1. Could you check GLY108 against (1) within 17 Å of the chain's Cα centre (by Cα); (2) open to solvent by less than 50 Å² (accessible area, probe 1.4 Å) and say which number it fails?
2. List, please: which pairs have Cβ atoms under 9 Å, are six or more places apart or on different chains, and start with a residue in the range 178-206 that is acidic (Asp, Glu) and end with one that is assigned to a helix (DSSP H, G or I) and surrounded by 10 or more Cβ atoms within 10 Å (Cβ to Cβ)?
3. I'd like the full set of residues that are outside any loop (DSSP other than H, G, I, E, B) and in contact with a helix residue (DSSP H, G or I) (Cβ under 6 Å, 6 or more places away or on another chain), limited to the range 12-25.
4. Just a yes or no: is a residue in the range 37-44 modelled with pLDDT under 95, out of contact with any Cys (no Cβ under 9 Å at 6 or more places or on another chain) and of a type outside the set (Asp, Glu)?
5. Out of the range 160-204, which residues are open to solvent by less than 30 Å² (accessible area, probe 1.4 Å), aliphatic (A, V, I, L, M), assigned to a helix (DSSP H, G or I) and under 27 Å from GLU127 (Cβ atoms)?
6. Looking at the structure I just gave you, is PRO134 under 21 Å from SER43 (Cα atoms) and either open to solvent by 40 Å² or more (accessible area, probe 1.4 Å) or part of a helix (DSSP H, G or I) (or both)?
7. Pairs under 9 Å by beta carbon, first residue at positive phi and open to solvent by less than 20 Å² (accessible area, probe 1.4 Å) in the range 44-66, partner of a type in the set (A, V, I, L, M, F, W, C) and part of a loop (DSSP other than H, G, I, E, B), six or more apart or different chains?
8. From (1) of a type in the set (A, V, I, L, M, F, W, C); (2) open to solvent by less than 10 Å² (accessible area, probe 1.4 Å); (3) touching a Pro at 6+ places or on another chain (Cβ under 9 Å), pick out the condition that doesn't hold for CYS23.
Amino acid sequence: MPEDPTFPDPDRRNPVAAGCGRCPELVDCRTSISHGVGPTDASLVVVGEAPGAGAPAADRWRGGNLTGMAYTTRNSGRKVRRLVADAGFADDAYYTNAVKCFPCDGTGSNREPTPEERANCRPYLREELAAVDPDAVLTTGKHATTSVFAMAGRSLDGFLDTVLEPVETDFGQVVPLLHPSYQEVWLSRLDHTRGSYLAELRTLLR
C-alpha cells in the first residue's frame, strides 16, 4: 500500500465560498462548506466533484462536509492525495471541488450535483483557478471534468475517452482522471495498472 499522505494543514484552507446560499437544497444538506485547501501558488490544482456526507467516527479523515476542506475523506481523499504525492506533487497541489457543499438525496446519502448546482459554484472555481494560476488542473471524475470543461467552453462527450487526455485551456493544461471511488474498477478496463496509470500521469505533468 502506498504511504499514507499527510493530512492537510487547516491554516491553508481558502474560504472562497464563505456563507454561500445560492443553492437552498445544498444549504440544508451541508454541515460545512468544503473549501479549497493547499498552497495558493501551487503548480497543480486537483478538482473533485463535491464533498460526501462524511464519516464522523473517523479520526481526522472525516471528509470535506465535516472538516471544511476538500479531499479529506479517509477513502477518496487519501487515495487522490497518494496519487498526487506519488506523481511528485505532495507539497505542490491545491485541492478543491466543483461543488463546495454536500449534495444529499433526502436520506442523508450522496447524490450527483445538478447542472444548476455546478453552474452556481463555477464562479468560485474560476476565482480559485485565477488565484492559484496552476500549470495543470487534474479533474477527478465526470462531474468535475464537465464543470472545468464548461469554463473552457467545451462539452464532455464520453468521459472515459478523456481520461489522461490533456486539454490546453486558458487556465492551464487540464488532465481528466478517474474518480477515486471507481479507480480500481476502471483501471484494468482502460488497460492500466496503478503503476502504468501513475507513470503516464507523471509523463503528462513533467
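1. GLY108 satisfies every listed condition except (1).
2. Sorted first by the residue in the range 178-206, then by its partner, the pairs are GLU184/ARG194.
3. Within the range 12-25, none qualify.
4. Within the range 37-44 (the criterion being modelled with pLDDT under 95, out of contact with any Cys (no Cβ under 9 Å at 6 or more places or on another chain) and of a type outside the set (Asp, Glu)), the answer is no, since none of the residues qualifies.
5. Listed by number, the list holds a single entry, LEU201.
6. no
7. From the range 44-66, the pairs are GLY63/ALA53; GLY63/ALA55; GLY63/PHE102.
8. That leaves (2) as the condition not met.
The values are calculated or read from the model by the stated rules, or taken from the named source; none is laboratory data. All of these numbers come straight from a predicted model, not from anything done at the bench. Methodologically, a virtual Cβ is constructed for each residue, glycine included, from the backbone with ideal geometry; neighbour enumeration extends over all protein chains shown. Side chains are part of the model used for accessible areas, which takes the heavy atoms of the whole protein and leaves out ligands, DNA and RNA. Shrake-Rupley method; radii C 1.70, N 1.55, O 1.52, S 1.80 Å.
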